[in-house]
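Notes for the one structure printed next.
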Amino acid sequence: MQRHVTYSTINVLGLGVGFLASFFILIWVQDELKYDQQYEGVEDVYRLMRTSTYGPDQIYTWPAVTAKLDDVLDEEYPEIESVALVSWQQDMSFSRDDIKFRESGRHAGKDFFEILKHDFLSGISKTALDLSDSVVLSNEMARKYFPAIYTGEVSDEFGAAEVLGQTLTLDNRMEVTVTGVVRDIQQQASFQFDFVLPIEEYISRNDWVDDWGNNGLRLYARLTPGLTITSFQKKSG
């Protein structure tokens, strides 16, 4: 009798653990499926991968690419609506008057905000990264560096509009002008950032990325709506 009770207890516990594990797996899957779904037309956005062969059975695929691939895609693949290089996440120093912090962000190509359509509180997404000394801020970062603008019952939209054209000092070496403020990034977003700077500013200081042998950047593309990835892959070989 005791043995029967022990086996039954083990079975019940095992069943309970199985249900609990399945429940947490379901929650994890649902969370993963929410990533980047807030961006309009995200079904047409793709990350380009690079595959290299180094010898027998030594084939590697990773997301790091050369900056040169940007121009090639623009010139040879009209099916691509827009393309943007993106740097790895990095911490940089920003200051304004007596306010100074290190923030996490990225450098990105001019069409970055046309590929991943963030919610701009102020500024124009299409042109926000046109100039090498421009910067796009998250709403949280804008509030941190321009507290006087956001005093009282000021709305995010009004404050963000007032921040446009203001300047910050980047890494104690150059002035950058705020050309856009985006609503704070959702948790289920592949790119988390406080700021986005133009990729030209990064390449100008790191010209080694503009070489076919380099793998220092990532590249994202938006295909023309209605074009299937299968048909594009057949052309690209």
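The values are calculated or read from the model by the stated rules, or taken from the named source; none is laboratory data. In this text the structure is predicted, and so the values were computed from the model without any measurement. No Cβ is skipped: glycine too gets one built from the backbone with ideal geometry, and neighbour counts run over all protein chains shown.
For residue 155, the stated conditions do not hold, so it cannot be described as surrounded by fewer than 13 Cβ atoms within 10 Å (Cβ to Cβ) and under 20 Å from residue 91 (Cβ atoms).
Taken together, the criteria exclude residue 77 from residues that are touching a strand residue (DSSP E or B) at 6+ places or on another chain (Cβ under 7 Å), at pLDDT 80 or above and of a type in the set (Phe, Trp, Tyr). What do you reckon, is residue 205 more than 25 Å from residue 119 (Cα to Cα) and free of Cβ contacts under 8 Å to residues at least 24 places away in the same chain? Against the criterion (more than 25 Å from residue 119 (Cα to Cα) and free of Cβ contacts under 8 Å to residues at least 24 places away in the same chain), residue 205 qualifies.
Residue by residue, here is whether (1) in a strand (DSSP E or B); (2) buried (at least 18 other Cβ atoms within 10 Å of the Cβ); (3) at pLDDT below 90 holds:
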| residue | (1), (2), (3) |
| --- | --- |
| 122 | yes, yes, no |
| 128 | no, yes, no |
| 136 | yes, yes, no |
| 149 | no, no, no |
| 159 | no, yes, no |
| 165 | no, no, no |
| 177 | yes, no, no |
| 189 | no, no, yes |
| 212 | no, no, yes |
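Every residue, every condition in (1) at pLDDT below 75; (2) part of a strand (DSSP E or B); (3) more than 30 Å from residue 214 (Cβ to Cβ); (4) in contact with a Phe, Trp or Tyr (Cβ under 8 Å, 6 or more places away or on another chain), yes or no:
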residue	(1), (2), (3), (4)
7	yes, no, yes, no
17	yes, no, yes, no
40	no, no, yes, no
81	no, yes, no, no
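Being in a helix (DSSP H, G or I), touching a strand residue (DSSP E or B) at 6+ places or on another chain (Cβ under 9 Å), modelled with pLDDT under 95 and surrounded by 14 or more Cβ atoms within 10 Å (Cβ to Cβ) is a description that applies to residue 114. Taking the conditions exactly as written (farther than 27 Å from residue 227 by Cα and surrounded by 13 or more Cβ atoms within 10 Å (Cβ to Cβ)), does residue 93 satisfy them or not? Spelling it out, residue 93 is indeed farther than 27 Å from residue 227 by Cα and surrounded by 13 or more Cβ atoms within 10 Å (Cβ to Cβ).
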